[in-house]
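The values are calculated or read from the model by the stated rules, or taken from the named source; none is laboratory data. Only a predicted model underlies this, so the values are computations on that prediction, with no experimental measurement involved. Glycine gets a Cβ as well: all are built from the backbone with ideal geometry, and neighbour counts include every protein chain shown. Surface areas here come from the heavy atoms of the whole protein model, side chains and all, with no ligands, DNA or RNA. Shrake-Rupley method; radii C 1.70, N 1.55, O 1.52, S 1.80 Å.
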Amino acid sequence: MKTEVKHVDNYAVVVVSESVDALTAPDLAKAITEQITRGHINLVVDLAGVDFMSSAGLRTLLGAVKESRSNGGDLRITSSNPGVDKVLKMSGFNNIAKVFPSQAEAIASFGSSFMSDTKKKIALVIGAGSVKCAAALGLWKALEREDIHFDMIVGCSGGSLYAAAMAMGFSLQECIDNTKKLWNRSITQKRNWRALASILLPGVVKFNNQFSMISDGPMLKSFTSVFGEKTFADTKTPLYVMATDFETGESILQHEGRLVDALRASVAIPYIWSAWQHNGRLLIDGAASNPLPVDVPIREGVDIILAMGFQSPLPSRIKSVSRYAFYINSLMTNNLLNANFAFHNAVHHAEIISIFPEFERSIRLFDTDQIPYVIEQGEKAMQEQLPYLKRLLES
């Protein structure tokens, strides 16, 4: 392995070539640490010339990300080698640090960085959970009393509806009222008869990747009634909404365009509602790839992440095709939630505060009448973590 260090403006660029493995990774760690020690806390590690990356190399890069962020800076990666790119992607590293195709793009990204000042940043992440996601309003209520505000909000699936309402600056009561418009049984009442016919009469009606059992007409109408033509640019707090690329399986971060399109994609539960075309991609439910997307604020270098997650309930009885679809989806989502959350807790440089409200009652998919109780449980869960959060902010 060879390393070369150069400085562009106030940034250190560590150019790496050949193999990064158990024998050479310590040299890379030393080169990066030397730059941080000298005050170059914002670094770019250029891997364009690397032809092999082992697990030791990944651990070195992870340690470098933590070290730079702990010192108030950040680290970017550049890579143009397909083999190295695949390793970074499969290991989940590109969910932790930002990866760019060129040095110029990596350096330019520092100038528009979310973490451009020294104030501690707080992010709220609301995972998939349908009506249970209303617990985020209780969390918000507890923090508002303490004059603690979010610097970014991330939502996935049902959580994206609450994230969007909060990011728009709606009051607590407006969020409650709008939720009842956005998420209720009426959005499942209209069957998609053409798609169902494609199963029963495949020779007559052609099957395609837009299959769904439910028509999305009522859903789009309810979403539009609340958000109209508003875009991400209209939010008062930076908003990020997760979806999944139907064709590649990638977790897709939505941060531009119409809110209705982003939300429609994020809640496109497989089999229930069809995939949604947005920004050149065919998208489905964000929970299919990232049910609690704490990786988004991690990648942005946020100091404190409030992660509110929910186990998807398993139907007690499976008495219809739609119930069966929800059951299978819940099984996969719960396993993915556990695996992803464990991984990101291990790699984050700062603090992830887990907030998992306890519900003594059964909360079903469209039990909007239970929202006051759900909010109360979310407030209670946040209240328990509030002393620790305040200590973190004061430290």
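In whole Å and largest first, what semi-axes does the C-alpha gyration tensor of the range 64-114 yield when each eigenvalue is scaled by 5 and square-rooted?
Result for the range 64-114: semi-axes of 19, 14, 8 Å.
With r defined as the distance between the Cβ atoms of residue 220 and residue 149 and R0 fixed at 35 Å, what FRET efficiency is calculated, to the nearest 0.05?
0.65
Calculate, in whole percent, how much of the Cα-Cα pair population of the range 95-179 lies beyond 21 Å.
For the range 95-179, the share of Cα pairs beyond 21 Å comes to 42 percent.
Debye calculation, C-alpha points only, no solvent: report log10 I(q)/I(0) for the range 245-299 at q = 0.13, 0.30 Å⁻¹, in the same order as the q values.
Listed by q, the Debye log ratios stand at -0.28, -1.34.
Suppose we take every Cα in the range 195-300 and form the convex hull; what volume per residue is that in Å³?
Dividing the Cα hull volume of the range 195-300 by its residues yields 108 Å³.
Karplus couplings for the range 293-308 from phi (6.51 cos²θ - 1.76 cosθ + 1.60, θ = phi - 60°), rounded to Hz, Gly and Pro as x?
x, 5, 5, 5, x, 4, 5, 7, x, 5, 7, 10, 10, 8, 9, 9
Using R₀ = 35 Å, calculate the FRET efficiency as 1/(1 + (r/R₀)^6) where r is the Cβ-Cβ separation of residue 19 and residue 395; round to 0.05.
Efficiency, from the Cβ-Cβ distance: 0.30.
Give 2/30; 2/89; 119/390; 6/120 a once-over and call out the pairs whose C-alpha atoms are over 21 Å from each other.
2/89; 6/120
Largest first and in whole Å, what are the equivalent-ellipsoid semi-axes of the chain based on the Cα gyration tensor, each being the root of 5 times an eigenvalue?
Output for the chain: semi-axes of 39, 26, 18 Å.
With every protein chain left in place and a probe of 1.4 Å, what is the accessible surface of residue 352, to the nearest 10 Å²?
Its heavy atoms expose roughly 20 Å² to the probe.
Taking R0 as 25 Å, what's the FRET efficiency between residue 34 and residue 346 from their Cβ-Cβ distance, rounded to 0.05?
Plugging the Cβ-Cβ distance into 1/(1 + (r/R0)^6) gives 0.45.
Enter the mean projected area of the convex hull around the alpha-carbon atoms of the range 285-395, in nm², rounded to one decimal.
With every direction weighted equally, the projected area is 8.2 nm².
Whose amide H sits under 5 Å from the amide H of residue 246, counting only residues 5 or more places off or on another chain, with H placed in the peptide plane?
Distant-sequence amide H within range of residue 246: 282, 283, 284.
In whole Hz, with x marking every Gly and Pro, tabulate ³J(HN,Hα) for the range 366-381 from phi via Karplus 6.51 cos²θ - 1.76 cosθ + 1.60, θ = phi - 60°.
Whole-Hz 3J(HN,Hα) from phi for the range 366-381: 10, 7, 5, 5, 8, 4, x, 5, 4, 4, 4, 6, x, 5, 5, 5.
Which far-off residues, 5 or more places away or on another chain, put their amide H under 5 Å from the one on residue 48, with H placed in the peptide plane?
Excluding prolines and chain starts, which carry no amide H, the hits are 16, 80.
Pairs on different chains or at least eight residues apart, Cα atoms closer than 30 Å: how many lysine pairs in the range 176-252 fit?
14
From the phi angles alone, apply the Karplus equation (6.51, -1.76, 1.60; θ = phi - 60°) to the range 127-137 and give each ³J(HN,Hα) in whole Hz, x where the residue is Gly or Pro.
x, 5, x, 6, 5, 4, 4, 4, 4, 4, 5
Based on DSSP H runs of at least 4 residues, each adding -39500 (n - 2.57), what is the mean residue ellipticity at 222 nm of the chain after dividing by all its residues, to the nearest 500 deg cm²/dmol?
Theoretical 222 nm ellipticity from helices: -13000 deg cm²/dmol.
Students often check this: by mean Cβ neighbours within 10 Å, which of 253-259, 332-338 ranks highest, and how do the rest follow?
In descending order of packing, they fall as 253-259, 332-338.
Calculate, in whole percent, how much of the Cα-Cα pair population of the range 1-133 lies beyond 19 Å.
49
Can you bin every Cα-Cα distance in the range 4-68 into 5 Å intervals starting at zero and give me the percent of pairs per bin, rounded to whole numbers?
4, 19, 33, 26, 14, 4, 0
Work out, step by step, the length gained on full extension between residue 231 and residue 90: first 0.36 nm times the residue separation, then minus their alpha carbon distance; give nm to one decimal.
Value of the extension gain: 47.6 nm.
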